[in-house]
Each structure stands twice: as C-alpha cells, then as structure tokens.
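The values are calculated or read from the model by the stated rules, or taken from the named source; none is laboratory data. Given the structure is predicted, the values throughout are model-derived calculations rather than measurements. Every residue, glycine among them, receives a Cβ derived from its backbone with ideal geometry; neighbour counts consider all protein chains shown.
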Amino acid sequence: MNVYSKRCIVTGAAGFIGSALARLLLKETGATVLVVDKLTYAGVPESLKEVGLDPATLASSNPRLSFLKADICDAQAMDKAFADFKPDTIFHLAAESHVDRSIDGPGEFIRTNVTGTATLLQAALGYWKTLDDAGKAAFRFQHISTDEVYGTLGETGFFTEKTPYSPHSPYSASKASSDHLVRAWHDTYGLPTLITNCSNNYGPYHFPEKLIPLIILNCLDGKPLPVYGKGANVRDWLYVEDHARALLLVNGKGVPGETYNVGGHNERTNLEVVRTVCRILDELKPAEKPYESLITFVKDRPGHDLRYAIDPAKLMDELGWKPLENFETGIRKTVQWYLDNEWWWGPIHSGRYSGERLGTGK
C-alpha cells in the first residue's frame, strides 16, 4: 500500500473523476477520506459502493471513509466540515461540468463553480490559519480544472501551463474563474494551492450524458448515435484512473502555487471515437447490423471548440507521471465495463437521463 496517509476532503466524490480518486485513495493508500457531495443529478453514490459506502443511507462500512451530503456554497457547513474532520489536504472536484447543460442553464454553473469555489477557499483559509507552522506547510488545497479554460487550438500546437485563458462556453468560463480565484488565494493569503487542468476523461462510472457512455448505451439500445457537425472536433482523451494517479502525485510532489496540465497524448476526432466504440461493440456484442450504421450527424453545439490537446511535459518531467493506458487499451476496458455493469448505469438510464439532446440553447 502507498505510504500516503493524509486526511483528505474530496469534494464531488460521488461524481466521475472524484469517485475515481476516492477509490484510488481508499484501495491503494492509507488515506482517510471525507466525501463532500451535494448529490445533484450527476452525483451517484453507487460509484463508491466498492469502497464501503452504502448508497441508500450514505453510511460507510469502511473506517477510512465518511460521507457528508452538503453544498459547497454553504459556508457554515464547509467551516464545520474543516473544523470537525481536520484535513491535511482538500481535493476540490465538485463542479457543474457538462458544456451542453451550461448552455441551457449557465446560472447554476456560476453558482457552483465560482461562488462554491470561493466559499470553499474561505473555509480552507480560515482552517489553515488555525494550524501550527508544520501543519500550514503540509496543507494543500488542490483544485481540479479543465483544459477548456484555454479555448481552442488550430490543427497544430498544444496547451501548456503558460497558454493564455480564452474560454468560450459558460462552463469553461466558470472554471476559468475558479482557477483565477485559487491563484488569488495563494498569492494574496499564502494558502498552499495546486491547480491541475486535464483533458477529456473517460472510463468506468462516467455519467451517461457524456459522449463515450452515451454512444455505448445508444448502441445497446439500437438508438441513433448523435455526432455534432461533421464529427471533426478533436479531443485529447485521458483514462480516468490515470488522471486520479496524476492528482495523487501532484498532491504529494507538486509545488504550491503551480499549475500542472494532465493529458494523455491521445487525440481523436469525435467521429473517430464513435467509430472505435462501434467496432469494439461489433466484436463484443454484435447486432444484426454494424453499429456504425446508427451514426447520425446533428446540428453542431453553439461555440463548439475545434481542438483541445495538452502538453503534459511539466507533469511528466518534473514529477515523473506517465499514463498506464493509451486510448486503445482504455476504451476497450471502458466498453467492457459498461457491458458488465448495468446495475450501475441502468437506473440512471431509465430515470435521470435517458440520452436526450442537451445544449441547444433554447
């Protein structure tokens, strides 16, 4: 087991990336974890079932895991969480994260991603000031963000930590704002902060409104596979467990005040991604016709960035990170996971979200 044994608050750990991090902390380190999650539509406590959480009661059979259902905008609740749990570090992943939903309803993105982050920073600062010198030096506020804050790239080039911010959607603008707040609390108050900006994640426990799980489940249902525009938009895909390991590495070895970009050098057009999923399903669960016959081109998303691609050289060279999965291995594991785990996605698919189009701006 990893010697890492901090007391960690993980906000948003009933979500996709947060739950991957919580599972890593509890299965492969000696960390003690307090999950703070509001349990919005995308909060799925079943994602923590394998590490001891009872999804129905939110009680934990794991002595190193506890769950607090709370809103990060609730200053009193956040102050109490810090005072009671006494963390050594906080991984801040709680966020509204879906671009299409931000187009339809930007207000909640501003509230959670901007006001919520500011509230959390103030709670962390107040707690940090009560620590002795050793505790202050060891404490970390780690903010997990996105490459979308950088805007869009042309056909060449990569995002680096020095790329100017140029967000184009309400989602990316709200995340850019939260990044700036975290830097300000470091520069103004001395709070030991870390920021990571990641490329598109994929893998197990991914809420079905996102591209890859949506395509998998639509294939299984024999429904059209919606591809925006011509499917030419490029994303740099990162397996979620590789991302979680990067976050843990940055927490242990990163320099306070610094930003680290996390990406897998796995660029694919959206159409390539959809076709790859179809080919794997043709092999693993064949239907009467090839799944590619279900591909349907639909009107593009408003303000759809052309290309994202991250240069993770700083993370790799300075901290020694490297991904364990490439896109070919990771996407096969992902498709197989969805085939094997209908218990997780079935209730979501039949209730909260069944594949309807979002982000039309209406």
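A few points about this structure:
- Selection count where residues are modelled with pLDDT under 95 and of a type in the set (A, V, I, L, M, F, W, C), scope region 259-271: 0
Rundown of residues vs (1) more than 29 Å from Ala173 (Cα to Cα); (2) in contact with a Gly (Cβ under 6 Å, 6 or more places away or on another chain); (3) modelled with pLDDT of 95 or more; (4) assigned to a loop (DSSP other than H, G, I, E, B), yes/no style:
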site	(1), (2), (3), (4)
Val273	no, no, yes, no
Asp282	yes, no, yes, no
Glu288	yes, no, no, yes
Glu292	yes, no, yes, no
Gly303	no, no, no, yes
Glu318	no, no, yes, no
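- Positions within region 45-62 being free of Cβ contacts under 8 Å to residues at least 12 places away in the same chain and surrounded by fewer than 18 Cβ atoms within 10 Å (Cβ to Cβ), in sequence order: Lys49, Asp54, Pro55, Ala56, Thr57, Ala59, Ser61
- Pairing each residue of region 96-114 that is closer than 11 Å to Lys175 by Cα and buried (at least 18 other Cβ atoms within 10 Å of the Cβ) with any residue that is modelled with pLDDT of 95 or more and among the β-branched types (Val, Ile, Thr), provided the two are 6+ apart or on different chains, yields C-beta distances under 6 Å for Glu96/Thr112.
- Matching residues, region 299-351, being closer than 21 Å to Thr152 by Cα, surrounded by 14 or more Cβ atoms within 10 Å (Cβ to Cβ) and touching a strand residue (DSSP E or B) at 6+ places or on another chain (Cβ under 8 Å): Asp300, Arg301, His304, Arg307, Tyr308, Ala309, Ile310, Asp311, Pro312, Lys314
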